[in-house]
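Below is one structure; the comments refer to it alone.
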Amino acid sequence: MFTRQKVLLRTFVRWNSSITLSREVFRIAIVGSGPAGFYTAHHLLQKCPSNYKLSIDFYERLPAPYGLSRYGVAPDHPEVKNCEEFLDNLMTAHEVSLVNRDGHTVRFFGNVEVGKEVSLKQLESTYHSVVLSYGCANIDNRMNIPGGDLPAVITARQFVNWYNCHPDSYDKVRHFRPPPLSGVKNVTIIGNGNVALDVARVLLANPVDHWASTDISRSALNLLENSGVKNVNIVARRGFFESAFSNKEIRELLELSNSKKIRFIPIDPNVMQPMHESELTRVEKRRFGIFKKYSNLSIENPDKSWSLQYLKSPVEFIVDESNPELLSKTIFRRNRLHHDELTKEVTIVPTEEMEEIENELVILSIGYKGIPLEDFQALGISFDKRKNRVVHVEGRILENAASKHETDIPHVYKRGWYTSGWIKNGPKGVIATTMMDSFETAHNILDDLSNGVYSKVSIEAIKSLEEKLKTFNFVSWNGWLKVNKKELDDGKQIGCTRLKICDRDDMISIAHK
Ligand code: FAD
Ligand code: NAP
């Protein structure tokens, strides 16, 4: 299968060396080192036939790898972060400085933002294949309603970045100012996906017993210890049966009641009523059972409480006149549901009924947002703003597809360009689905390489990019390992899993020591 095309190319086998050997090798750039990036690389290396050698370069905008596994996944879910071993293992096995078994090489260029420091055009002339795996976590998803820009209306992305030590949150100039939690009693979370539940757990669970031993940011821990939050309402625009959270995650939040200090306020029975139990799917039945169990728990004098509310869309956030850093309330419009018998879609129909919920802080957890990179237009890469993703078919990027309907046939593929992960599918899916989907992209890359479908690269362009990279303050894999070691060692000293370094400059200086 892999014998039709062979490419003779001079490559830079070792970092810091000038042109050395000539080898048959395919150069592949992966933009982003989150789960999509590293699972794509893993599959490429696993499935690449032995007569081809791959030279894979990761470009990562942050000084640390792993994407949302490090900067999204909640600190009390360390088992989820085990996926990071895939990247660790492939770096250990293929790092350029080592003589490796299979002849493939992998390099990591952390702290290098594609679209800014390195252009896509440059990548096009230096790699046979480029994979866009840069995720959907670069900007906030906000609501365009009155009060939407008030300081006490923040996004889940900002809140998550802050408690997970994301360097953007701790930027010396544009740092995130965390909400003054000591003055906040009631929080409203808009949206009820699993991110909303993570955020609620951070606000509700005991900082000392639950969070102190994790890798949560120490400044977040400090603020949580002094938090005045007593009540968290998670508000969704659709109904109970359209809830975006999954059973495992809602059970985890409900289990906080086991401490007898956190009370779940039972869901309005009217919202759960229209559906008869006999019509429920297996997953819904289980969900129903979970709620039955926890709705009947009586907890006297709870420290905190929380609720799930349905069929409400926010229409205005009202500032607290006496303290403009906070809100006084949110005004909601009540919705009713419309079930489309044909499509089975459940949509909302706004009613005239309004309702107010008292709150000092609102956290918008309405999904993350994907954006195009600079150069997309120049390169003919289309971005679907509604779906938050690059336009592609099975991971192969389409050229100039914006003016056409996505299902138009034949598609014109952009030779050598691919996408995987959230930026391929929009901001949804757990790590397991991201993995499966990245395997599809990798499979198609290998298929295309075998059929001679890849970009033409030029030795001069490679040389020029290699020279340019040397001038960057990039973080190599070895550099990252130093940061990793320091974080683990410091964590051990204070009894937590890891003491994350939040400041980008500090990370870079440790990496370069
Ligand atoms: P990302 O993980 O976002 O990785 C993209 C990478 O690209 C990042 O490292 C980013 O810095 C980098 N990048 C961005 N722009 C550029 C650029 N211009 N140049 C170079 N690099 C760039 N799934 C679970 O299974 N379990 C969980 O518990 C879980 N918790 C989650 C919690 C939160 C808050 C969120 C938002 C998601 C969670 N998920 C969870 C989902 C999971 O994180 C995603 O499925 C997965 O991370 C998507 O991988 P990705 O590589 O596509 O994107
Ligand atoms: P999500 O699951 O898509 O949930 C988004 C929520 O926002 C939904 O309730 C949605 O309501 C609501 N919403 C969207 N636009 C809205 C608007 N304009 N007004 C009001 N509400 C709006 O997204 P997410 O919570 O960000 O999670 C992203 C992905 O990461 C998911 O696949 C999730 O499973 C995964 N994740 C997994 C875990 C875990 O496994 N522990 C943890 C975190 C995240 P509608 O349904 O009505 O659109």
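Going by amide H atoms built from the backbone, whose H comes under 5 Å of the H on Gln309, apart from near neighbours?
Here Ile234, Val235, Ala236 satisfy the definition.
Between rounded, prolate and oblate, where does the stretch 316-389 land on the alpha carbon gyration tensor, with a ≥ b ≥ c its root eigenvalues, rounded for a/c under 1.5, else prolate if a/b exceeds b/c?
oblate
Taking amide H positions as placed 1.01 Å from N in the peptide plane, with prolines and chain starts having none, which residues 5 or more places from Val319, or on another chain, fall under 5 Å of its amide H?
Ser328
Given R₀ = 35 Å, what would the calculated FRET efficiency be for Asn206 paired with Asn400, taking r from the Cβ atoms and rounding to 0.05?
FRET efficiency, Asn206 to Asn400: 0.05.
Using the Cα centre of the chain as the reference point, and only Cβ charges (+1 on K/R, -1 on D/E), how large is the resulting charge dipole? Debye, rounded to the nearest 20.
1120 debye
About its Cα centre, how strong a charge dipole does the stretch 305-431 have in debye, to the nearest 20, once Lys and Arg get +1 and Asp and Glu get -1 at the Cβ?
It comes to approximately 840 debye.
If a/c stays under 1.5 just call it rounded; otherwise compare a/b with b/c (prolate if a/b is bigger, oblate if not). Do that for the stretch 286-351, with a ≥ b ≥ c from the square roots of the Cα gyration tensor eigenvalues.
Because a/c hits 1.5 or more and a/b fails to exceed b/c, the stretch 286-351 counts as oblate.
Rounded to the nearest 0.05, what FRET efficiency is calculated for Leu481 and Lys260 with R0 set to 45 Å and r the Cβ-Cβ distance?
Once rounded, the FRET efficiency stands at 0.55.
Bin by bin, in steps of 10 Å, what percent of the Cα pairs in the stretch 251-332 do you find, going until the bin that has the longest distance?
Once binned at 10 Å, the Cα pair distances of the stretch 251-332 give 15, 33, 31, 18, 4, 0.
What are the trypsin sites (Lys or Arg not before Pro) within the stretch 39-132 that DSSP puts in a loop, where the Cβ has at most 16 other Cβ atoms within 10 Å?
Counting only loop positions with at most 16 other Cβ atoms within 10 Å, the trypsin sites (Lys or Arg not before Pro) in the stretch 39-132 are Arg101, Lys116.
If you project the alpha carbons of the stretch 115-216 onto the principal axes, what extent comes out on each, in Å, largest first?
55, 40, 30
In whole angstrom, note down how far apart the Cα centers of the stretch 347-403 and the stretch 436-485 are.
27 Å
Under the rule of -39500 (n - 2.57) per DSSP H run of 4 or more residues, summed and divided by the residues of the chain, what mean residue ellipticity at 222 nm is obtained, to the nearest 500 deg cm²/dmol?
The helix-only estimate for the chain comes to -8500 deg cm²/dmol at 222 nm.
I'd like to know which of Ser259, Leu379, His94 lies farthest towards the positive end of the charge dipole of the chain, counting +1 on Cβ of Lys and Arg and -1 on Cβ of Asp and Glu.
Result: His94, furthest along the dipole toward the positive end.
Run the simple label-point estimate for Arg251 and His77 please: 7 Å along Cα→C-beta, distance reported in nm.
1.5 nm
Scan the stretch 362-460 for trypsin sites (Lys or Arg not before Pro) in coil per DSSP, keeping those whose Cβ has at most 12 other Cβ atoms within 10 Å, and list them by number.
Listed in order of number, the matching sites are Lys385, Arg386, Lys456.
Kindly identify the chain as rounded, prolate or oblate by the Cα gyration tensor criterion: order the square roots of the eigenvalues as a ≥ b ≥ c, call it rounded if a/c is under 1.5, otherwise compare a/b with b/c, prolate if a/b is larger, else oblate.
Prolate, since a/c reaches 1.5 and a/b exceeds b/c.
Which of Trp422, Gln493, Ile397 sits closest to the plus end of the dipole of the chain, meaning its Cα is farthest towards the positive end, when Lys and Arg get +1 and Asp and Glu get -1 on the C-beta?
Ile397
Looking at the chain, which Cys residues are left with no other cysteine's beta carbon under 4.7 Å from theirs?
Cys48, Cys83, Cys136, Cys496
Give me the percent relative contact order of the chain, please, defined on Cα pairs under 8 angstrom at least 6 residues apart.
Once divided by the residue count of the chain, the mean separation gives 21 percent.
Pick out, from Leu308, Thr343, Val475, the residue whose Cα sits farthest towards the positive end of the charge dipole of the chain, with +1 on the Cβ of Lys and Arg and -1 on the Cβ of Asp and Glu.
So the residue furthest toward the plus end is Val475.
If you add up the charges near Ala74, with Lys and Arg at +1 and Asp and Glu at -1, over every other residue whose beta carbon is less than 12 angstrom from its beta carbon, what do you get?
Here the charged neighbours net out to -3.
Any read-out appearing in this document is the output of simple, stated calculations on the displayed coordinates, not a laboratory observation. Since the structure is predicted, the reported quantities are computational estimates derived from the model, not experimental observations. Here Cβ is always computed from backbone atoms with ideal geometry, including for glycine, and neighbour counts include all displayed protein chains.
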